[in-house]
Amino acid sequence: MEVSLLINEIKKHFEADILLFAEGKIKHDDLKNKFLGRKGLLADVFAKMPTFTNKAEAGKLLNLFKNELTEKIDSLSQNSVVAKNTKKLDLTLQGRKPNLGSLHLLNETQREIEEIFISMGFEIANGPQVETDFYNFEALNFPDDHPAREMHDTFFVEGDVLLRTHTSNIQIHVMQNQKPPVRIIAPGKCYRNDTPDATHSPVFAQIEALYVDENVTFTELKGTLDAFVKALFGKETKTRFRPSFFPFTEPSAEVDVTCVVCKGKGCRVCKNSGWIEILGSGMVDPNVFKSVGYNSEKYTGFAFGLGIERVTMLRYGIPDLRLFLENDVRFLKQF
Amino acid sequence: MKLSLNWLKDLVKIPFDVETLVQKLTFSGLEVESVTSQIPNFDKNIVIGFVKESANHPDSDHLSLCQVDVGNEVLQIVCGASNVKKGQKVPVALIGAELPNGIKMKKTKIRGQESNGMICSKSELGLAETSDGIFVLEEHAEIGKPFLSCFKDSDTTIEISVLPNRPDALGHFGVAREISALQNQKIEKPKIELSEIEKQTKDEIVVEIDFPEACPRYSAKIIEGIKVAPSPAWLVKRLETIGLRSINNVVDVTNYVMFELGQPMHAFDFSEIKGNKIVVGKSQKGQKFTTLDGNQRELDESTILICDAEKIIALGGVMGGLNSEVKDETTKILLESAYFTPSFIRKTSTKLGLKSDASHRFERGTDPNSTLYALERAAQLLAEIANGKVYAGNVDVYPKPILPKEIELRPERIEKVLGISIPQEKVEKALANLGISKVAENIFLAPTFRPDLEREIDLIEELVRMIGYDALPLKKTSQVDFSSASVRNNFKSDFRKFLAGLGLNEILTNSMTTVEIAQKFKENNEAIILANPLNREFAALRTSLFPGFLEVLRINLFKKSTTSFRFFEVGTVFWRDENVYNKAKETQRGILLFAGNRKNPDLFCQNEEFDFYDAKGFAEVVTEFSGFKQIRFKTGTRPYFTENCLEVIGNGRTIGFVGEVSEKVLKDFDVSCKNVLVFEFDFEIFEKTYSVVSKLSPLNKFPFVERDFAFTLEKSVQVGELVQKIEASKVKNLVSINVFDLYEGKPLTENQKSVALNFRFESFERTLTDEEVSEAMGKILKISEENFGAELRK
């Protein structure tokens, strides 16, 4: 007998038995034993191996058939379990979703900036929002009756108490209580008596960095800022410095970065210049050191600050600052 | 400040285009904010034509038939303007030209006559709103050239932002000096040629300064023969370019000199000065004076007064008086050019709320040593354009001359601040270009027109402005010492992420509010109220996060943004504290708010509304997350909650409140939602608690035993009190109690309820026996019966 004939015969048996199995007349185990068992039909054929003319060929065919049969019988077993014990679900229905919350975009941006600075070895410092003239202005080299104060429209409480106009007051508190080296970032809310519109708010958040030590130079300010903006806006981002004036730093510079929207090609956001202004910076003015009792011959330092709202608006394409405080759930959920 | 490009070009060579100039100024610290060219944008097919012939149109009595030479040909053009005449030079729009209003010129026939273009009026060219007839050009216009060439002398306005430290840049000459220095050149002031008459200024006026600390220098000069008239076109145009309106030739000259040299000038009508005398004095409180804007002003005791022998005639450095202003019939004037101490001017202008171009300059600091130069410049211009006869000499009272400052600049200091060393010759040249001269080794003289230069660091800044920040390399922070970086306090960040994970949306509310809300929601201390509020909404600092949340809820309900509101915030609240330096206590609070549906309705959850127990449950989970070992609740009260309010006690102290917001408050805030639940807490206590590191409690290897009881209780019995009582009774091996069912209704009577409790027992020493547990359960039953009238349900 040729092996192929025997295989065909078994096939016929199997097809007949499948029908019986589907009707429930044969159990799965019996089916398996009948064909694949130690004394099953297939074993019989294997036993006849020595009688075949081409043994190698016969072995190959038989093994293939055995695999085929095993696979079929196993798949029957799985189907039968489904058929017997489970209810078929409509899997296209939605899942039972728990509520998903969200974090406020401004806080997240602040956190992200903090993380960058922490990785560069800075510490977070906090300070009061209600402040005295001394910490907000005088110690920062804003002389009394000086037009520089006009740069800050200030909310006054009474006497010399006011709402801080920047987070630079924290510099003074920290330096009064700590000897150099000082390496801090100071985030927080600030207040200016500005009429609210799409890009101005009387309450806004700022983050400022201060680094004071024995050999801190402007080149290091440039290097640090460059590393920071690359971390925040991407590796391709470049910086450029323009001379400016802040009473508490000298020399001072405004810092532009490559436009985050058009990557420097020129667009509406950057007024086609390819650059956007986001930071103020400079070397700590010796008068500031004097006011906290640091020796300005020995120590130098740099400081810089940026507005958290502005950075967030640029990064996420938010057109109006007022969206941040409106807290529309449809806005909140996007981030 | 607005600059005229042509004016700058009069003063300094500018061998590059506007764009380069803008770049150079911006990168030296005079940021250019805008550039506005007066050169209009005209199609090159609008050309200058010459009217060779003009005849009446054969079929019309108001049209003319003109032959117009446009350079390479002569065109026939029909013109409707009555002022067209032979021999005029006119703008011609050729066929194909596009006018500023978008109209394209086509060949047409008008009443049978061909017209090959149009002779334009000013309004057709967009140069005026309306115009009467065609625009007749000046004689020297070149036939055939583009019309645009008529504008080659048009000016450009460059607006720069001048920061408070640079008063020298508040005049064109100062900016010209900067432009010159940026080309590595030093600029000199132009020489003034002045012809004076024989009469001497000093013979007709005496100046006394009685207030020298406020007015260190007062210079004056007399000019007679003046004819007050409109200014010549060039002057009107210059002033227009920088945004000033022309008044008359005398006032315009004083303004011109101020905007050229930065020195404010004032012209008095000499006939109004009584007693040939000027006295610079100090005001007395309550004195009144009418300034030339017609406003009467009440003065304090530190205003600088310019008086004659009898009366006040000006507020020094701020504004002149109505009584001595130059009028149309004025013929003789006294020109004032003075130096006032900045802080006095600033005080006066702030107190009076009176700002002028003069006060703006004086309060930033003018050059005390340029008053005479400015006088001469003004006199020269008045002689030129107002027929002025200039008296010889000046009156100049300057008792204590202000000298240039000597400043040391050490090369090693430059390197210490900037991080690079700069060759000495380069340093000296850069500074010299700005007028800062070297007088000895490392010693430089800062000119008096730069009052901002006082210290070594100021010179370093000048230097870096001149070499440019681009010349400095980037240096990576090399000295980072991570050991000094604090252990990161991540609690706030973790806490916020935890709440977001529980399905809450973080919001950020305004820390400023109205006075009423700040006061209504304050706790024990007074609210912080501003002396100069922006408006009602920005008038005080918040005393609670709660009202801001209701506002956010109101907006979201109004906008129908969702039906399920789950908000949280950690933010600062403020109140007065007289015991600290800033009279303020600032503390961080947290708040969770739930309103509307637990979820937006879907297949699995339909309109399940938030209730009190959601807020309480969150309070329990949030406190546990924050590391509180022991939490208790007791009945609490808050003015804005209903009686369903609990005080939360964590580790023995009050840490917050859970409550249901009262209907009245919801109505006050216009919140159209009934179930609003809140958990508010003192975040700072949470922060401190979290940092306590807890140790592992061992896990029990012996099995636990659970037993249940169902009690019938009076409805008034508080289940929590029953649970607490059992807990407090220290039943042996009892580790937890869980309420798992509550039932009211039949077969119970109307004032009964049934409560099912599950008790878990375990021992760390052995497996508990049945008897032990039964004995404990007996004790529990007894406590419940005796204290709460509980009956065991069978």
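Structure summary
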| quantity | calculated |
| --- | --- |
| Filter result (more than 9 Å from chain B (Cβ to nearest Cβ) and on the phi > 0 side of the Ramachandran plot) within segment A:129-151 | A:Asn141 |
| Residue tally, condition surrounded by fewer than 18 Cβ atoms within 10 Å (Cβ to Cβ), hydroxyl-bearing (Ser, Thr, Tyr) and in a strand (DSSP E or B), over segment B:280-304 | 1 |
| Subset of segment B:232-263 (residues that are buried (at least 23 other Cβ atoms within 10 Å of the Cβ) and hydroxyl-bearing (Ser, Thr, Tyr)) | B:Thr254, B:Tyr256 |
| Output for segment A:152-164, where each listed residue is among the hydrophobic types (A, V, I, L, M, F, W, C) and either touching a Gly at 6+ places or on another chain (Cβ under 9 Å) or more than 7 Å from chain B (Cβ to nearest Cβ) (or both) | A:Leu162, A:Leu163 |
| Wholly enclosed helices (runs of 4 or more DSSP H) of segment A:275-335 bearing at least 1 residues away from chain B (no Cβ under 12 Å), more than 23 Å from the chain's Cα centre (by Cα) and among the small types (Gly, Ala, Ser) | A:286-292 |
| Qualifying residues in segment B:161-201 (those that are surrounded by fewer than 17 Cβ atoms within 10 Å (Cβ to Cβ) and outside any loop (DSSP other than H, G, I, E, B)) - the one farthest from the other protein chains (Cβ to nearest Cβ) | B:Glu198 |
| Single unsatisfied condition, A:Arg268 versus (1) surrounded by 21 or more Cβ atoms within 10 Å (Cβ to Cβ); (2) closer than 26 Å to A:His200 by Cα; (3) charged (D, E, K, R) | (1) |
| In segment B:15-32, the residues that are away from chain A (no Cβ under 11 Å), under 23 Å from A:Arg240 (Cβ atoms) and assigned to a loop (DSSP other than H, G, I, E, B) | B:Phe16, B:Asp17 |
| Of residues in segment B:512-535 being open to solvent by less than 60 Å² (accessible area, probe 1.4 Å) and of a type in the set (Gly, Ala, Ser), the one farthest from B:Val665 (Cα to Cα) | B:Ala527 |
| Tally of residues being within 17 Å of B:Ile273 (Cα to Cα) and either crowded, with 16+ Cβ neighbours inside 10 Å or at pLDDT below 95 (or both) across segment B:207-224 | 9 |
| Residues being closer than 15 Å to A:Gly101 by Cβ and either of a type outside the set (S, T, N, Q) or surrounded by 17 or more Cβ atoms within 10 Å (Cβ to Cβ) (or both) - total across segment B:598-614 | 4 |
| Options B:Glu325, B:Glu301, B:Glu272: the member that is of a type in the set (Asp, Glu) and within 34 Å of the chain's Cα centre (by Cα) | B:Glu301 |
| Filter result for A:Thr237 (in a loop (DSSP other than H, G, I, E, B), free of Cβ contacts under 8 Å to residues at least 24 places away in the same chain and within 11 Å of chain B (Cβ to nearest Cβ)) | no |
| Residue within segment A:265-274 that is part of a strand (DSSP E or B) and either free of Cβ contacts under 8 Å to residues at least 40 places away in the same chain or within 13 Å of chain B (Cβ to nearest Cβ) (or both) present | no |
| Number of positions in segment B:541-564 that are crowded, with 20+ Cβ neighbours inside 10 Å and more than 10 Å from every other protein chain (Cβ to nearest Cβ) | 7 |
| Pairs, first more than 21 Å from A:Phe204 (Cβ to Cβ) and facing chain A (nearest Cβ under 7 Å) in segment B:503-532, second of a type in the set (Lys, Arg) and crowded, with 16+ Cβ neighbours inside 10 Å, C-beta under 9 Å, six or more apart | B:Gly503/B:Arg566; B:Gly503/B:Lys599; B:Leu504/B:Arg566; B:Asn505/B:Arg566 |
| Residues that are assigned to a helix (DSSP H, G or I) and either within 20 Å of B:Asn579 (Cβ to Cβ) or in contact with a Lys or Arg (Cβ under 8 Å, 6 or more places away or on another chain) (or both), drawn from segment A:118-153 | A:Ile118, A:Asp133, A:Phe134, A:Tyr135, A:Asn136, A:Pro147 |
| Filter result (over 30 Å from B:Asn387 (Cβ atoms) and of a type outside the set (A, V, I, L, M, F, W, C)) within segment B:291-331 | B:Asn295, B:Gln296, B:Arg297, B:Glu298, B:Asp300, B:Glu301, B:Ser302, B:Thr303 |
| Cβ-Cβ under 6 Å pairs, at least 6 apart or on other chains, segment A:160-175 side of a type in the set (Lys, Arg), far side open to solvent by 10 Å² or more (accessible area, probe 1.4 Å) | A:Arg164/A:Gln129 |
| Search result, residues across segment B:37-50 that are out of contact with any helix residue (DSSP H, G or I) (no Cβ under 6 Å at 6 or more places or on another chain), open to solvent by less than 80 Å² (accessible area, probe 1.4 Å) and over 17 Å from B:Ile95 (Cα atoms) | B:Ser37, B:Gln38, B:Pro40 |
| Evaluation of A:Lys230 against (1) assigned to a helix (DSSP H, G or I); (2) facing chain B (nearest Cβ under 10 Å); (3) among the charged types (D, E, K, R) (one fails), failing number | (2) |
| Neighbours by Cβ (under 7 Å, 6+ apart or cross-chain): first from segment B:139-150, more than 17 Å from B:Val68 (Cβ to Cβ); second surrounded by 15 or more Cβ atoms within 10 Å (Cβ to Cβ) | B:Leu148/B:Phe42 |
| Residues (of a type outside the set (Asp, Glu) and not in a strand (DSSP E or B)) located in segment B:48-70 | B:His57, B:Pro58, B:Ser60, B:His62, B:Leu63, B:Val70 |
| Residues (touching a Lys or Arg at 6+ places or on another chain (Cβ under 7 Å) and part of a strand (DSSP E or B)) located in segment B:513-532 | B:Thr513 |
| Residue that is modelled with the lowest pLDDT [pool: residues in segment A:7-31 that are among the β-branched types (Val, Ile, Thr) and more than 15 Å from A:Ser75 (Cα to Cα)] | A:Ile26 |
| Single match in B:Lys389, B:Lys429, B:Lys416 (criterion: surrounded by 15 or more Cβ atoms within 10 Å (Cβ to Cβ), in contact with an Asp or Glu (Cβ under 7 Å, 6 or more places away or on another chain) and of a type outside the set (Val, Ile, Thr)) | B:Lys389 |
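Quick grid of which residues meet (1) part of a strand (DSSP E or B); (2) of a type in the set (A, V, I, L, M, F, W, C); (3) at pLDDT 90 or above; (4) over 30 Å from B:Asn607 (Cα atoms):
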{"residue": "B:Phe681", "(1), (2), (3), (4)": "yes, yes, yes, no"}
{"residue": "B:Glu684", "(1), (2), (3), (4)": "no, no, yes, yes"}
{"residue": "B:Val692", "(1), (2), (3), (4)": "no, yes, no, yes"}
{"residue": "B:Lys695", "(1), (2), (3), (4)": "no, no, no, yes"}
{"residue": "B:Pro698", "(1), (2), (3), (4)": "no, no, no, yes"}
{"residue": "B:Phe709", "(1), (2), (3), (4)": "yes, yes, yes, yes"}
{"residue": "B:Lys725", "(1), (2), (3), (4)": "no, no, yes, yes"}
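The values are calculated or read from the model by the stated rules, or taken from the named source; none is laboratory data. Quantities reported herein were computed from a predicted structural model and do not represent experimental measurements. Please note: Cβ atoms are built from the backbone with ideal geometry, for glycine as well, and neighbour counts cover all protein chains shown. Remember, those area values only see protein heavy atoms, side chains included, never the ligands or the DNA or RNA. Shrake-Rupley method; radii C 1.70, N 1.55, O 1.52, S 1.80 Å.
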